[in-house]
Amino acid sequence: MQTDFDPKIAAKKLLREARSGALATLMPGSGDPYCSLVNVASAADGTPLLLISKLAVHTKNVIADSRVSLMLDERKEGDPLEGARVMLMGRAAITTDENDRRRYLARQPEAAMFADFGDFAFYKVTISSAHLVAGFGRIVDLKPQDILLDLSDAGDLLASEERASAHMNEDHADACRLYATKLLGAPDGDWRCVGFDPEGLELQNGRVALRLPFPQRVDGSGPLRVMLVKLAQEARAV
């Protein structure tokens, strides 16, 4: 039986749409596993981003042993085991990259209230392996290169991301709503663009995030503009 299931696309969707996840760390000394709930976002290449306090147990654990596992799921209604989830294994380390900070706060705006507190820091989870569970017969081990983007040709696009997102929200909010409702089948709402990468754009309405993949990769601000116009035309034609 043929299927259009693509594990790489499914995992990338979870990486981009997740706004919270279960973080597993190791307790110093005993090595006992410790699991906690954290808010998440993603760097431009898809790498998970966290904002955590050194007063929290999980942060103390990370400082002692950087090995972590992060589970992201689609929060499907009904039986949660029927929904897709991805387990990411790797190491967490502080990031001072301003783009990581900007992308996290665009997706978790309420965190701006405490992001500059002395005990908080942004962390990036460098993925070493991933395990996707997306339903019966859809259990796949993935490598980092399967789910993270190569950004070597995307400098122009990434440099324009913040400006382009603001432009879409200020001047083309109607297009953002059309992308969400017509192309992704979401309920109407205050849908806003929170970022771009070469393979798609992220839309958000409150705590709900959606990924709109591009039909082909874009590598600059010019191609991005053309793509957004094309998608808006498609949405208006639905």
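The values are calculated or read from the model by the stated rules, or taken from the named source; none is laboratory data. Nothing here was measured: the structure is a model prediction, and the numbers come from that model. Glycine gets a Cβ as well: all are built from the backbone with ideal geometry, and neighbour counts include every protein chain shown.
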Original post:
Quick one: would you say Pro7 is touching a residue at least 40 places away in the same chain (Cβ under 8 Å) and either farther than 14 Å from Met71 by Cβ or not charged (D, E, K, R) (or both)?
Top reply: yes
Original post:
Of these, Ala112, Ala134, which one is in contact with a helix residue (DSSP H, G or I) (Cβ under 6 Å, 6 or more places away or on another chain) and loosely packed, with under 15 Cβ neighbours inside 10 Å?
Top reply: Ala112
Original post:
Of the residues Ala18, Ala24, Ala56, which single one is surrounded by 20 or more Cβ atoms within 10 Å (Cβ to Cβ) and at pLDDT 95 or above?
Top reply: Ala18
**OP:** Could you check, for the stretch 219-231, whether at least one of its residues is over 25 Å from Lys76 (Cβ atoms), at pLDDT below 95 and not in a helix (DSSP H, G or I)?
**Re:** yes
Original post:
List, please: which pairs have Cβ atoms under 6 Å, are six or more places apart or on different chains, and start with a residue in the stretch 101-126 that is closer than 22 Å to Val62 by Cα and end with one that is outside any loop (DSSP other than H, G, I, E, B) and among the polar types (S, T, N, Q)?
Top reply: Gln108/Asn39; Asp119/Ser53; Phe120/Ser53
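Conditions tested, residue by residue: (1) over 21 Å from Pro28 (Cα atoms); (2) within 18 Å of the chain's Cα centre (by Cα).
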| position | (1), (2) |
| --- | --- |
| Ser53 | no, no |
| Thr59 | no, no |
| Val62 | no, no |
| Asp65 | no, no |
| Leu70 | no, yes |
| Gly78 | yes, no |
| Met87 | yes, yes |
Original post:
So which pairs qualify, if the first residue must be in the stretch 56-80 and over 19 Å from Ile94 (Cβ atoms), the second must be part of a helix (DSSP H, G or I), the Cβ gap must be under 7 Å, and the two must be at least 6 apart or on different chains?
Top reply: Leu72/Leu14; Leu72/Leu15; Asp73/Pro80; Glu74/Leu14; Lys76/Glu82
**OP:** Need at least 1 residues that are more than 20 Å from Phe120 (Cβ to Cβ) and not assigned by TED's automatic domain parsing to the domain that holds Arg91 per element, so show me which strands (runs of 3 or more DSSP E) inside the stretch 1-80 make the cut, counting only ones lying wholly within it.
**Re:** none
Original post:
Do the conditions hold for Asp174, that is, is it part of a helix (DSSP H, G or I) and surrounded by fewer than 14 Cβ atoms within 10 Å (Cβ to Cβ)?
Top reply: yes
Original post:
Leu142: without any contact (Cβ under 8 Å) to a residue 60 or more places away in the chain, aliphatic (A, V, I, L, M) and either under 17 Å from Leu14 (Cα atoms) or surrounded by 15 or more Cβ atoms within 10 Å (Cβ to Cβ) (or both), yes or no?
Top reply: no
Original post:
If you go through the stretch 127-139, how many residues are without any contact (Cβ under 8 Å) to a residue 40 or more places away in the chain and small (Gly, Ala, Ser)?
Top reply: 2
Original post:
Does His167 satisfy the condition of being surrounded by 16 or more Cβ atoms within 10 Å (Cβ to Cβ) and farther than 23 Å from Asp6 by Cβ?
Top reply: no
Original post:
Can you find even one residue in the stretch 196-210 that is among the polar types (S, T, N, Q), under 23 Å from Asn39 (Cβ atoms) and touching a residue at least 60 places away in the same chain (Cβ under 8 Å)?
Top reply: yes
